[in-house]
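Report on the following structure.
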Amino acid sequence: MLSIYKNIDKIIKVLTAFTANPFDRLRHALEQNTNEIEDYQKEQFDSGERSDFSIIEPEYKPITKAIKRRKGQPIDRVTLKDTGAFYKSITADVLSDEVQIYATDRKTQKLVDKYDEGGKLFGLNNESLKSLANETLIPYIAEVLKLDME
C-alpha cells in the first residue's frame, strides 16, 4: 500500500511542477528542438509557401528557371534554394514569449526584400505548427514528465 502512495505522491509532484510552470516546460521543449523548427521552416520554403500558406512570389524569371532546370531543381515554385547556403543559415531562437526564425546568409536581405510580402516569409504555418506539436513537442514533454516520475 505504501508504494501506491509513493507513486501518487510522485504523480502529484510532477503534475504540480508541470502546471505551476507550463510555459517554462514548453519553452524548454522548444529550446531543445530548435533543429526541428528550422527543418519545418525549410520544408515550407521547399514547398514554396510563406507562413500564412500564401505562395512565395514573384515566380522565378525565365533565366533563373533555365539555370534551376539545368541543376535539376524545381521550377514550378519559388523555393529560395540554390546552393543551400541560405537554408543552412536558417536559425530558430526561443525568446521569452516567442520563437524567432531568421537566416544569416549574405543573400537573406535581398530575398526578404523580394519575397517577404507583409512579413509572412519566415514563420511556421498552422500545418507545420500542428506537426511540430504532435510529432516533436508533445512526445518530448511526455518523455520529460516520465523521467520526472522515475
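The values are calculated or read from the model by the stated rules, or taken from the named source; none is laboratory data. This one's a predicted model, so the numbers in the text were calculated from it and none came from an experiment. Neighbour counts are summed over all protein chains in view; Cβ atoms, including those assigned to glycine, are modelled from backbone coordinates with ideal geometry.
Descriptive notes on the structure:
- Residue in the stretch 89-102 that is part of a helix (DSSP H, G or I) and either modelled with pLDDT under 95 or in contact with a helix residue (DSSP H, G or I) (Cβ under 8 Å, 6 or more places away or on another chain) (or both) present: no
- Selection of first residues in the stretch 47-61 that are closer than 13 Å to residue 116 by Cα and of second residues that are surrounded by fewer than 17 Cβ atoms within 10 Å (Cβ to Cβ) and basic (Lys, Arg), restricted to Cβ pairs under 6 Å at least 6 apart or on distinct chains, gives the following pairs, ordered by first then second residue: 48/77; 50/120; 51/120; 52/120.
- Selected residue [in contact with a Phe, Trp or Tyr (Cβ under 8 Å, 6 or more places away or on another chain), farther than 16 Å from residue 129 by Cβ and either modelled with pLDDT under 95 or among the acidic types (Asp, Glu) (or both)] from 24, 82, 105, 113: 105
- Annotation for the stretch 106-116: no member residue is over 29 Å from residue 26 (Cα atoms), under 17 Å from the mean Cα position of the chain (by Cα), buried (at least 16 other Cβ atoms within 10 Å of the Cβ) and not small (Gly, Ala, Ser).
- A search for C-beta distances below 8 Å between a residue of the stretch 79-98 that is more than 11 Å from residue 30 (Cα to Cα) and any residue that is among the hydrophobic types (A, V, I, L, M, F, W, C) and surrounded by fewer than 18 Cβ atoms within 10 Å (Cβ to Cβ), counting only pairs 6+ apart in sequence or on different chains, returns 80/111; 86/111.
- Counted as qualifying within the stretch 22-71 are the helices (runs of 4 or more DSSP H) with 1 or more residues that are within 11 Å of the chain's Cα centre (by Cα), namely 22-32, 34-46.
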